[in-house]
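> I have a structure here, written as structure tokens, and I will follow up with some questions on it.
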Amino acid sequence: MTWRMSIKAKREGAMTKFWDVLSFSMNGVIFFYVGASSANFLIR
């Protein structure tokens with residue numbers, strides 16, 4: 001079975017928007033954990 005995107009999804013750039021949101025979310029999570037670990041390190 002082959003997965004295909006609709007013409008509308010291709011035209012609107014659905015996959016590009018999906019990866020943009022995913023990378024933004026992951027960057028936020030990584031930023032949070034780095035900040036939390038550095039604050040924990042500085043408090044000690």
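> Using alpha carbons only, how many degrees (0 to 90, rounded to 10) separate the axis of helix 14-43 from the longest principal axis of the chain?
10 degrees
> Let me ask something else about it. For ILE7 and SER25, calculate 0.36 nm times their separation in residues minus their Cα-Cα distance, and state this gained length in nm to one decimal.
3.8 nm
> How fast does the chain diffuse by Stokes-Einstein, in µm²/s, taking the Kirkwood radius from C-alpha pairs at 10 °C and 1.306 mPa s?
121 µm²/s
Where a number appears in this text, it was derived from the coordinates with a stated rule and is not lab data. Remember, predicted model here, so these are calculated numbers, not experimental data.
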